[in-house]
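Single-structure report; data block below.
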Amino acid sequence: MIIEACVENINEAIRAEAQGAHRVEICENLIIGGTTPSAGTIAIAKKVLNIPIMVLIRPRGGDFVYSDLEVEIMKHDIQVCKQIGIDGVVLGTLTEENTINTKLLNELVNLAKPLDITFHKAIDETIDIVGEFKRLLAYQIDRILTSGGAETVYEGQQTINEMARLSDEKIKIIAAGKIHQSDLSNLQKIIKTNEFHGKKIVGDLSNSRI
């Protein structure tokens with residue numbers, strides 16, 4: 001089982017590793033769904049952590065339809081991650097019709113490679129999660145982060161399991177949705193993936209100071 005902790009700063013990242021996380025996704029501003037952390041945070045995380053680091057590429061909160069200038073920002077942040085030597089990036093692009101913007105996605109994926117690529121929970125905002133997931137199978141995506149379009153992993157388990165079945169391990173599914181450390185044993189039995197993601201997946205990190 002791979003446990004990925006969602007962290008909002010360097011202290012949380014260090015505490016997550018100490019409490020058993022196998023990988024971290026670093027972001028900022030989770031109150032608005034998460035945005036790209038500073039270059040300084042990314043660089044220091046690479047310096048002090050011993051587990052793989054994924055960095056959220058998202059210039060602002062809100063929707064996932066980006067302007068040309070926002071795309072420039074995203075491309076710059078991807079280049080920063082590559083220069084620092086981060087393991088992977090987490091990104092998602094949608095159209096105004098809430099389908100995946102495959103043209104932009106392809107540009108960003110080609111730029112980011114050979115980093116690992118996770119398509120984030122933007123997929124849960126699409127009009128047809130399973131249908132859009134099928135489209136992603138044609139792209140060089142390593143993982144997809146999803147709660148199956150639901151608020152919790154339990155409510156979305158049917159969709160998550162359908163995605164896992166369709167993937168046939170071509171793309172790894174990271175199950176998310178208010179997962180706590182105490183849920184993991186049960187989730188292993190009912191969710192057809194071995195990767196799980198959450199803010200409190202290795203315990204409470206919010207008040208940590210290192």
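Any read-out appearing in this document is the output of simple, stated calculations on the displayed coordinates, not a laboratory observation. Values in this document were obtained by computation on a predicted structure and should not be read as measured data.
Points to keep in mind about this one:
- Relative contact order of region 2-198, defined on C-alpha pairs under 8 angstrom at six or more residues apart (%): 15
- Given (1) 108; (2) 200; (3) 160, the label whose value is volume of the Cα convex hull per residue in Å³ derived from this model: (1)
- The chain: most fluctuating residue of Ala45, Ala164, Ala18 per GNM, C-alpha cutoff 10 Å: Ala18
- The amide H of Gly92, built 1.01 Å from its N in the peptide plane, has His120 as neighbours under 5 Å, considering only residues 5 or more places off or on other chains.
- Under a Gaussian network description of the chain, with springs only between Cα atoms under 10 Å, the residue in Gly62, Gly148, Gly177 that fluctuates furthest is Gly62.
- For Asn29, the amide hydrogen comes within under 5 Å of the amide hydrogens of Thr35, counting only partners 5 or more places away or on other chains and with H modelled in the peptide plane.
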